[in-house]
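One structure below.
The values are calculated or read from the model by the stated rules, or taken from the named source; none is laboratory data. Everything numeric here is computed off the predicted structure, so don't read it as measured data. Cβ atoms come from the backbone with ideal geometry, glycine included; neighbour counts cover every protein chain shown. The area values use the complete protein model at the heavy-atom level, side chains included, leaving out ligands, DNA and RNA. Shrake-Rupley method; radii C 1.70, N 1.55, O 1.52, S 1.80 Å.
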Amino acid sequence: MQTKKRQGGDRAQNTTTFWATILARRELGESLKAIAIDLDMPYETVRKYAQAARKAISAFEKVP
């Protein structure tokens, strides 16, 4: 949540929860298509969430 511009409220909490879920399931080897079906979300949304989460994690790791 530290990489979010607006950290308060439910929306930031919900998206970070989705990001974490998607990344964890990807690490277990699940496809984005299977994750999208299970979460009842469009494939494109899941794909973009995965990209955004990976980008946020890499930016967070680069901070000294």
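Which one is modelled with the lowest pLDDT, of the residues in the range 28-64 that are open to solvent by 100 Å² or more (accessible area, probe 1.4 Å) and assigned to a loop (DSSP other than H, G, I, E, B)? Across the range 28-64, the extreme among qualifying residues is Pro64.
Restricting attention to the range 15-24, the residues that are open to solvent by 40 Å² or more (accessible area, probe 1.4 Å) and more than 16 Å from Pro42 (Cα to Cα) add up to 3.
If the condition is being under 15 Å from Ala20 (Cα atoms) and among the basic types (Lys, Arg), then the range 32-61 contributes Arg47, Lys48, Arg54, Lys55. Need pairs with beta-carbon distance below 8 Å; first residue of a type outside the set (A, V, I, L, M, F, W, C) and within the range 37-56, second modelled with pLDDT of 95 or more and open to solvent by 80 Å² or more (accessible area, probe 1.4 Å); sequence gap 6+ or separate chains. Close Cβ pairs (under 8 Å, with a partner that is modelled with pLDDT of 95 or more and open to solvent by 80 Å² or more (accessible area, probe 1.4 Å)) amount to Tyr43/Lys33.
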